[in-house]
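Visitor: Below is one structure. I have some questions about it.
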Amino acid sequence: MSPRLSHLQNVLTNIRNQSLFAKLSKCSFEQEKVEYLGHIITGEGVTADPAKIDSMLNWPAPSDIKSFRRLLGLIGKATDLLQELAINLTALPKSTYEHGFIRYKGRIYVGQEVGLRMQLLECMHDSPLGGHSGNNGTYKRFKASFSWPGMKKAVEEFVEECEVCKKNRTKNCKYPGVLQSLLILIKPGNRSSWIILRVFPKITGFNTILVLVDRFTKYGHFIPVIS
């Protein structure tokens with residue numbers, strides 16, 4: 001009997017002597033690799049389960065805050081996968097690696113996965129929490145939590161293509177305020193408007209006409225003057 005089988009026999013014998021039992025459906029023997037808690041254990045070491053990696057790459061886009069938090073939880077559980085990929089943090093100054101996240105200046109660093117970036121953009125901008133708040137509002141919320149090269153440009157391009165934002169563009173000028181009512185006139189001579197006309201040739205020494213109009217009677221006075 002090989003030493004390996006002898007050790008197995010001793011383990012099973014001790015289990016039976018202690019009145020303990022093992023569930024046969026959860027036992028496997030003489031295996032070259034074993035799946036355990038999302039990992040593949042072999043004689044060469046421990047690696048991430050490829051099926052779990054495929055699930056993360058094909059993760060559906062978050063449709064609400066709850067699903068968005070679930071996505072962040074999945075990212076947090078990717079610690080072993082990131083270690084296996086041997087991420088070189090020295091290539092990203094001011095970055096740290098903690099709790100399954102790469103953080104750049106305290107913000108979660110998003111890699112070059114375009115699909116994940118697009119999911120974050122849709123969740124932060126299209127959801128009721130985002131409220132289609134335009135370039136500045138969306139970018140400020142992103143900048144508070146996430147970071148990646150060219151993030152501001154990506155936000156601007158995404159917002160520019162948003163049909164809801166195109167239909168609901170607001171003016172950036174100051175609100176004009178309430179309308180002011182006109183003064184009610186009760187007799188002529190109180191208010192007048194005037195204008196100067198300088199398009200006439202000089203006649204008898206005058207080349208300009210001053211026009212005065214009474215606002216109550218609309219009666220006009222045309223007075224020749226020199227400009």
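The values are calculated or read from the model by the stated rules, or taken from the named source; none is laboratory data. No experiment lies behind these values; they were computed from the predicted model shown. For neighbour counting, all protein chains shown are included, and Cβ atoms are generated from backbone atoms with ideal geometry for every residue, glycine included.
Visitor: State whether the residues of segment 128-141 include one that is within 24 Å of Asn58 (Cβ to Cβ), outside any loop (DSSP other than H, G, I, E, B) and either touching a strand residue (DSSP E or B) at 6+ places or on another chain (Cβ under 8 Å) or without any contact (Cβ under 8 Å) to a residue 40 or more places away in the chain (or both).
Guide: no
Visitor: Let me ask you something else. So which pairs qualify, if the first residue must be in segment 40-69 and over 30 Å from Glu30 (Cα atoms), the second must be among the aromatic types (Phe, Trp, Tyr), the Cβ gap must be under 7 Å, and the two must be at least 6 apart or on different chains?
Guide: Pro62/Phe68
Per-residue answers, yes or no, for (1) modelled with pLDDT under 85; (2) in contact with a Phe, Trp or Tyr (Cβ under 8 Å, 6 or more places away or on another chain):
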residue: Ser2; (1), (2): yes, no
residue: Ser6; (1), (2): no, no
residue: Gln9; (1), (2): no, no
residue: Ile15; (1), (2): no, yes
residue: Gln18; (1), (2): no, no
residue: Lys26; (1), (2): yes, no
residue: Glu30; (1), (2): yes, no
residue: Thr42; (1), (2): yes, no
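Visitor: Would you check if Leu121 is farther than 21 Å from Arg70 by Cβ and either at pLDDT 80 or above or in a loop (DSSP other than H, G, I, E, B) (or both)?
Guide: On the way: farther than 21 Å from Arg70 by Cβ: no; either at pLDDT 80 or above or in a loop (DSSP other than H, G, I, E, B) (or both): yes.
No, not satisfied.
Visitor: Here's something else I'd like to know. Just for segment 44-58: of the residues that are under 22 Å from Phe101 (Cβ atoms), among the hydrophobic types (A, V, I, L, M, F, W, C) and modelled with pLDDT of 75 or more, which one is surrounded by the most Cβ atoms within 10 Å (Cβ to Cβ)? First the steps, then the outcome.
Guide: From segment 44-58, those under 22 Å from Phe101 (Cβ atoms) are 46-49, 52-58; that's our starting set.
Going one step further and asking which of them are among the hydrophobic types (A, V, I, L, M, F, W, C), we end up with 46, 48, 53, 56-57.
Okay, now just the ones that are also modelled with pLDDT of 75 or more, so 46, 48, 53, 57.
Values: Val46: 11, Ala48: 18, Ile53: 14, Leu57: 10.
If we take residues in segment 44-58 being under 22 Å from Phe101 (Cβ atoms), among the hydrophobic types (A, V, I, L, M, F, W, C) and modelled with pLDDT of 75 or more, then Ala48 is surrounded by the most Cβ atoms within 10 Å (Cβ to Cβ).
Visitor: Return only the number of the condition from (1) modelled with pLDDT of 80 or more; (2) within 30 Å of Cys123 (Cα to Cα); (3) hydrophobic (A, V, I, L, M, F, W, C) that Phe222 does not satisfy.
Guide: (2)
Visitor: Further question: Please identify the pairs in which a residue from segment 1-26 that is loosely packed, with under 10 Cβ neighbours inside 10 Å has its Cβ atom under 8 Å from the Cβ atom of a residue that is of a type outside the set (A, V, I, L, M), counting only partners at least 6 apart or on another chain.
Guide: Once the first residue is loosely packed, with under 10 Cβ neighbours inside 10 Å and sits in segment 1-26, its partners that are of a type outside the set (A, V, I, L, M) give Met1/Gln9.
Visitor: What pairs come up if the first residue lies in segment 102-116 and is free of Cβ contacts under 8 Å to residues at least 60 places away in the same chain and in the same structural domain as Lys153 (by TED's automatic domain parsing), the second is assigned to a helix (DSSP H, G or I) and of a type in the set (Ser, Thr, Tyr), and their beta carbons are under 8 Å apart, counting only those six or more places apart or on different chains?
Guide: Arg107/Ser145; Ile108/Ser145
Visitor: Let me ask something else. Hey, among the residues in segment 108-128 that are out of contact with any Phe, Trp or Tyr (no Cβ under 9 Å at 6 or more places or on another chain) and loosely packed, with under 13 Cβ neighbours inside 10 Å, which one's farthest from Leu72 (Cα to Cα)? Walk me through it before giving the result.
Guide: First, the residues of segment 108-128 that are out of contact with any Phe, Trp or Tyr (no Cβ under 9 Å at 6 or more places or on another chain): 113-114, 126, 128.
Checking which are loosely packed, with under 13 Cβ neighbours inside 10 Å leaves us with 113-114, 128.
Details: Glu113: 15, Val114: 16, Pro128: 19 Å.
So, considering only residues that are out of contact with any Phe, Trp or Tyr (no Cβ under 9 Å at 6 or more places or on another chain) and loosely packed, with under 13 Cβ neighbours inside 10 Å, the one farthest from Leu72 (Cα to Cα) is Pro128.
Visitor: Which of (1) closer than 23 Å to Pro149 by Cβ; (2) modelled with pLDDT of 75 or more is the odd one out, the single condition Leu89 does not satisfy?
Guide: (2)
Residues are listed down the side, and each one gets a yes or a no for (1) surrounded by 13 or more Cβ atoms within 10 Å (Cβ to Cβ); (2) modelled with pLDDT of 85 or more; (3) in a loop (DSSP other than H, G, I, E, B):
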{"residue": "Lys153", "(1), (2), (3)": "no, yes, no"}
{"residue": "Val164", "(1), (2), (3)": "no, no, no"}
{"residue": "Cys173", "(1), (2), (3)": "no, no, yes"}
{"residue": "Ile184", "(1), (2), (3)": "no, no, yes"}
{"residue": "Ile195", "(1), (2), (3)": "no, no, no"}
{"residue": "Val199", "(1), (2), (3)": "no, no, yes"}
{"residue": "Leu210", "(1), (2), (3)": "yes, yes, no"}
{"residue": "Lys218", "(1), (2), (3)": "no, yes, yes"}
